[in-house]
1. Compute the whole-percent fraction of alpha carbon pairs in the stretch B:178-313 spaced more than 24 Å apart.
2. What do you get for the angle between helix B:109-119 and the principal long axis of chain B? Use alpha-carbon atoms, 0 to 90 degrees, nearest ten.
3. Positive end of the charge dipole of the protein assembly as shown (Lys, Arg +1 and Asp, Glu -1 on Cβ, about the Cα centre): tell me which of B:A224, A:Y50, B:A58 has its Cα farthest that way.
4. Between B:A145 and B:A254, what FRET efficiency comes out of the Förster formula 1/(1 + (r/R0)^6) with R0 = 22 Å and r the beta carbon distance, rounded to 0.05?
5. Kindly provide the helix-only [θ] at 222 nm of chain B, computed as the sum of -39,500 (n - 2.57) over DSSP H runs of four or more divided by all residues, to the nearest 500 deg cm²/dmol?
6. I'm checking a number: the convex hull volume of the Cα atoms of the stretch A:159-240, normalised per residue, in Å³. What is it?
7. Calculate, for A:R25 and A:E216, the FRET efficiency according to 1/(1 + (r/R0)^6) with r their C-beta to C-beta distance and R0 30 Å; round to the nearest 0.05.
8. For the stretch B:252-257, take each phi angle, set θ = phi - 60°, evaluate the Karplus expression 6.51 cos²θ - 1.76 cosθ + 1.60, and give the result in whole Hz per residue in order, putting x for glycine and proline.
Amino acid sequence: MGIPAGQMMAVARYLLKQRLAGRERYPLVLMLEPLFRCNLSCTGCGKIQYPVQILRKHLSVEECVSASDECGAPIVSIAGGEPLMHPQIADIARALVGRRRYVYLCTNAILLERKLDEFEPSRYLSFSVHMDGPRSEHDHSVCREGVYDVAVNAIRAALARGFRVTTNSTLFEGTDPERMRGFFDDMMELGVEGMMVSPGYSYDKAPDQEHFLRRERSHRLFARMLGSPKRSWSFNQSPLFLQFLMGKRDFECTPWGNPTYNLFGWQRPCYLLQDGYARTFRELMEETDWSKYGRKSGNPRCQDCMVHCGFEPSAVRAAFESPKAMAGTVASLVTGRL
Amino acid sequence: MTEAGIAELVDRAFDYRGYVTLRRNDGSELVGFVYDRGAGHLDLFDETATQRLRVPLADIADIAFTGEDAARKSQEMWERRKGKLEPRDTPAHGGWVQPGKVLVLVAIEQELRSVARALRSPVLRGASRGRLCGNEVVAVAMGMAGDPRRALADELPRLVVSCGFAGGLDAALAAGDLVLATAVRNADGATLRAPETPRLAAAATLRGLRCVQGELVCAAAVAASPEEKRALAAPGAVAVDLESYAVARAATDAGVPWLALRAIVDPLDTALPPFAREARRDYVWPALRYACAGPRAVSDLVRLARNASRAGAALEAALPRLGRALVISEARR
């Protein structure tokens, strides 16, 4: 099981509270982008293309904490940019952990080993290391040689010091499912707690526009890659979301499930699309025209999207909608079958 | 331009990953990064990316896409290296590198305290460290006529500012007036011109304060009397200090741009007490001794303290603007 029981219980309690309160829309994960600068320029990334004066800016610890308080989501995913380039990233993580938020600090791990001293292990803190596949695929994806080896060494160092470590893999057209299965074996052997996988989103600012997966291709890739999963594999994701990626289930997007806060404010409507910014979380939730997003809306930018930030909340929500779905989720978590 | 034309430009500006220049209906221009737009307004960061501004669409006459498009640049870089991986030691994306510090060099503790107040930071062991407009700033008291090379070697700055008090050589200058050096000249007549980009940006941001630009004469010893100062006055020379030439020389040799910003503490017709000629870090005890000389000495000291306070306040007001100037000059580079 890739998600610790305590974390699952905390999320379940939170969801139950939202349902009892009769809330239609509520966040599950806060996507916090405290900065846009990065020490890599990956082929499929559209997050970091800003003038240098914007790249130099970052959110303060107070701004990050206040965004988390405003949002109230039990999980905070710190993305970017490369969060470890933030001069106060450890303070941010510490402050959020102090508020009992489950923090996933997403990093390419280039700086991880030398920054480990600044953090303290906690059941609330996990380093989510960007690993897009085996050595050659990962280095190709991040466009730099040697990054896979650096990340593997950093994962070993973090695990040795008692930190929670997960991986996150973004997949593109041309991914070899068999090699990915080998990669899952390698990561589990390394000792990571769980893995996350998702197809890449076709950012219009990303340099490579040719290798984003279309929906049908995503289904085929994930069905081959995750079919007959090994018992040793642990995914830090909802099994229903993985089944969705494999084409076994269909969900509509929940764009408000993973709201995004960055230097510009609360991003409308989601982590991937930039249609504007709200000044407050409430304004984001109440004044965004959500009917314009998701597959059913006909929005062309949503048609091929199967990214976790929109569909993982749908999958988690679905698991709580019926005893059968809940039983299926629990069974899948226990047996590892998808 | 028609309303529809402006609306189209606004959409393009919102999608653009670079700076734009807005021309307003009153003819004024505003450079910024557009990050949002509403039915009747545009939200942007100013040129330094430190202030958020909201501009009504009705005020906009035109939008020019004047800054480099970071998305296109990223695309071009990727196409150039297509298939090839970056070497392991490639610097961060977007040309972003950890920016170097701004080193502010002063002579005495009192000048350092003025800089520290501007930085809102304490003075510890002859230095104060803080930030101005997102720039890391280190202020160091190097002593009167001190050697700036050690501080340059220790801090590896990206800009050096010679800062502190000066004597007036121009009769029009009063205590607390600022002098931004166009050049510095030493006692032998050797002259260094201030690098233009930071100086012009500094001059623009200091507009509104009592500030003149001109040559700064760097004497070998304190010019305490009006006669000594008149002897140094030359066409274009506006003020005299002891350190700015050495600072500019050291910065130039290290390939670092520099500025000299001084506040007048003793105008042309004012004399400094004799103890001011001594090279000291602090003047509390000499001043107390001097005060014992009689009421006239006390009156001199009161005037000097008042002038020093004005000069300190002027520096305190000017330094935050210099931080802004630095960001602007680098944005334009």
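Each value in this text was obtained by applying a stated rule to the coordinates, not by laboratory testing. Please read all numbers here as calculations on a predicted model, not as lab measurements. Positions of Cβ are generated from backbone atoms using ideal geometry, with glycine treated the same way; all protein chains shown enter the neighbour counts.
1. Values: 3236 of 9180 pairs.
I get 35 percent for the Cα pairs in the stretch B:178-313 exceeding 24 Å.
2. 20
3. Among B:A224, A:Y50, B:A58, the one farthest towards the positive end of the dipole of the protein assembly as shown is A:Y50.
4. Numbers: r = 19 Å, r/R0 = 0.87.
For B:A254 and B:A145, the calculated efficiency is 0.70.
5. Working: 9 runs with 117 residues, N = 333.
Taken over chain B, the calculation gives -11000 deg cm²/dmol.
6. Values: hull volume 9.9 nm³, N = 82.
Enclosed volume per residue, from the Cα hull, is 121 Å³.
7. Working: r = 30 Å, r/R0 = 0.99.
Efficiency for this residue pair is about 0.50.
8. Computed from phi, the couplings for the stretch B:252-257 are 4, 4, 8, x, 10, x Hz.
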